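S.K.: Structure provided below as structure tokens; questions to follow.
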Amino acid sequence: MQNELLWSPNTSSSDTAMARYIEHVSQQFPDRHVTDYDSLHHWSVEHFEEFWKDWLVYSGVIFEGTESPVFTGSGLRGTRFFPEVRLNFAENLLRIAGNTTALAGISEARDDQECSFDDLRMLVGTIQRQLHEQGIEIGERIAAFMPNIPETVIAALATSAAGAIWSSCSPDFGTQSVVDRFEQIEPKLLFCVNGYVHNGQVIDCRPKLVELGARLPSLRMMVVIELVDLPIDTLEVENFVLWDEWINDEQAEPNYERLPFDHPLYIMYSSGTTGKPKCIVHGAGGTLLQQTKELILHTDVRQGDNITYVTTCGWMMWNWLIAALYTGAEVTLFDGFPAAPTIARLWDLIDERGITHFGTSPKFLGACRRRLTPAETHRLESLRVILSTGAPLQPEDFEWVYQAVKTDVQLSSISGGTDIISCFMLGNPLLPVHRGEIQCLGIGMDVEAVDSNCLPLEHGSGAKGELVCKTPFVSMPVMFWNDPDGEKYRQAYFDQSEDRWAHGDLIEFTGSQGTCGGVIVYGRSDATLKPGGVRIGTAEIYRIVEDLPEIDDSIVIGQPWRGDIRVVLYVKLQDACELTPALESKIRTALKTQASARHVPGLIIKVNRIPYTRSGKKVELAVRDIAMGCEPANREALQDPAAFDCYFRL
């Protein structure tokens, strides 16, 4: 059954980068018969070496060397792209010159800031020179304990320009979470803030800085940004300097170190809910090609646009967002509580800054659905694209966007992850939007849904399967840090099969977009519920339960029980609501009538907190472990480490 059509491209879609690229490919490769997105995607995975070589040149990436050979090695794990290419990530993001705004900083902690492309380039060069004077060498690690402010972008690009490796955490992380990450990579220098403001409250980071200085012996220097009015003259940290002292020195142009295509750019981290986070290393070239492809073609970001994504520096969407500088668009950085002073704050921001591309989370859109009708209170004239990721976007939220926000907007639910620092499935300005569906597979991403025997499932069959990728792509991690034999890397993605990347998501292809898409994500495949052997995605239950007015949030697990799997539903209720027998009956009836009897929980439990990772994902597996009597491995990996306190063994 095809889901309801909510949006179709208008005639202006022919003036998109995606339309122009299809025309280019049809002329450049006439024997491939590329005429539309379906045929473009087919070509890009069947002849992936042609696609990635063509995109390297067509996109205008600055590099030296030759694009041949496209790759060496074989198989997903053994392939290495563009061994003869040398480039610098920062050089490419700073390729635009002029006085137009590159970065806008919107923060609860201070007045709004703006930085032009010319100013940004000079600031990056100045910080790069300071890094050089501190003896930072190619391949050494620079860490950041920073919010989403312009200084963080400047420091990251200076690190890239110098050929060092960047890794960041948000200042709301607990000290142990930061140490668990940074002690593994042994950073030489730490960029940090003395504090930040969240929902009107000043949060003092100085005690954390003292502890980090004591627990990270590799640090030679801290660079402190005085974001809030808290004195640091008594800060008990050896070798720290103020950002303002560095930046007020004589300015300098960057000196870009062009390095191999796979030279490490970022170290990202797994969630760490089952132990110490794994350190995922992404290369400069693969990150650049993949993210520019997604921003330019799939998201249609252009010079003169203004893009924002509500994210912290501990989530990969921050890395994705700043890559939009490559397009010449203005990047608006938002630092603060999205609902302060009211839940309309981000809709206000769209009108204030002329945002064209607004990125947020399903949780935020769901909260707005219950409270707001932005179409009646805001102009939203500039808004062309709404992006959502972090969890599956519920069908009701798709409907709400087109009914209550704007009828002529491309709603792009996107899905990928830290593992690939990009997307497997995302939007497309040339394709329609169907209720509850991600529009399409990304160009060059050879994705299938497979059953338990690794056999592909037919599109439009209604069957759910494991997301696998069958051919190499440029943004695969170049390695895991401290994984000399590659075993951690293999176990993470290739434990089931050496020739397929297993991503761990449960998906369905609806067939609404031909062979290239119409994708529904049901949640993590390892959190899939299997009562009576029937596979149920957790998102199917959340969609129905969280649409009830009494329910604020929920989390569901499958508990081994008397030879089967019992569905256990934990609910966080709205204020003044109680879990009465009548409400339990209402929940069960909704699930039975809107889904099936298999979806009905055997047990419903009231809790006052739902645990989330710091990137906004529910931690079903850790809750399941608690229900089975196992202590969760790492509470510090949660947004709220006390969230587990209301869960117990069943």
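None of the figures in this text is laboratory data; all of them are computed from the coordinates on show. Keep in mind it's a predicted model, so treat the numbers as computed, not measured. Cβ placement follows ideal geometry from the backbone for every residue including glycine, while neighbour counts extend to all protein chains displayed.
S.K.: Just the Cα atoms of region 232-365: what Rg and Dmax do they give in Å?
M.R.: 18.3, 50
S.K.: Over region 528-646, calculate the relative contact order: mean separation of alpha carbon pairs under 8 Å at least 6 apart, over the residue count, as a percent.
M.R.: Details: 180 pairs, mean separation 27.1, N = 119.
Normalised by residue count, the contact order of region 528-646 is 23 percent.
S.K.: Work out, step by step, the length gained on full extension between residue 250 and residue 137: first 0.36 nm times the residue separation, then minus their alpha carbon distance; give nm to one decimal.
M.R.: Between residue 250 and residue 137, full extension yields an extra 38.5 nm.
S.K.: Could you tally the net charge around residue 124, taking each other residue with its Cβ under 14 Å from the Cβ of residue 124, Lys/Arg +1 and Asp/Glu -1?
M.R.: Around residue 124, the surrounding residues sum to -4.
S.K.: Calculate the FRET efficiency for residue 14 and residue 100 from the Cβ-Cβ distance with a Förster distance of 22 Å, rounded to the nearest 0.05.
M.R.: After rounding to 0.05, the efficiency reads 0.25.
S.K.: When the helix-only estimate is applied to the chain (DSSP H runs of n ≥ 4, each -39,500 (n - 2.57), divided by the residue count), what is the mean residue ellipticity at 222 nm, nearest 500 deg cm²/dmol?
M.R.: About -7500 deg cm²/dmol.
S.K.: Right, something else. According to a simple spin-label model (label point 7 Å from Cα along Cα-to-Cβ), what is the distance in nm between residue 3 and residue 496?
M.R.: With each label placed 7 Å out from Cα toward Cβ, I get 2.1 nm.
S.K.: Using 10 Å bins from zero, what percent of all Cα-Cα pairs in region 528-646 falls into each bin?
M.R.: Bins of 10 Å from zero give 13, 46, 34, 6 percent of pairs.
S.K.: Report the rotationally averaged projected area of region 43-136 based on its alpha-carbon convex hull, in square nanometres.
M.R.: Averaged projected area of region 43-136's Cα convex hull equals 10.1 nm².
S.K.: Also: Using a Förster distance of 35 Å, how high is the FRET efficiency between residue 404 and residue 606, based on the Cβ-Cβ distance and rounded to 0.05?
M.R.: Efficiency for this residue pair is about 0.70.
S.K.: I've got another one for you. Sort 241, 25 so that the residue with the fewest other Cβ atoms within 10 Å of its own Cβ comes first and the one with the most comes last.
M.R.: With the sparsest Cβ surroundings first, the list reads 241, 25.
S.K.: I need two numbers for the chain: Rg to one decimal and Dmax as a whole number, Cα atoms only, in Å.
M.R.: Rg, Dmax (Cα atoms, Å): 24.0, 72.
S.K.: Here is a further query. Considering all alpha-carbon pairs of region 358-415, what whole percent are spaced by more than 19 angstrom? Write down the numbers at each step before the final one.
M.R.: Working: 293 of 1653 pairs.
Beyond 19 Å sits 18 percent of the P(r) for region 358-415.
S.K.: How big is the Cα convex hull of region 101-260 in projection, averaged over all directions, in nm²?
M.R.: Spelled out: convex hull of the Cα atoms, projected over all directions, averaged, 9.3 nm².
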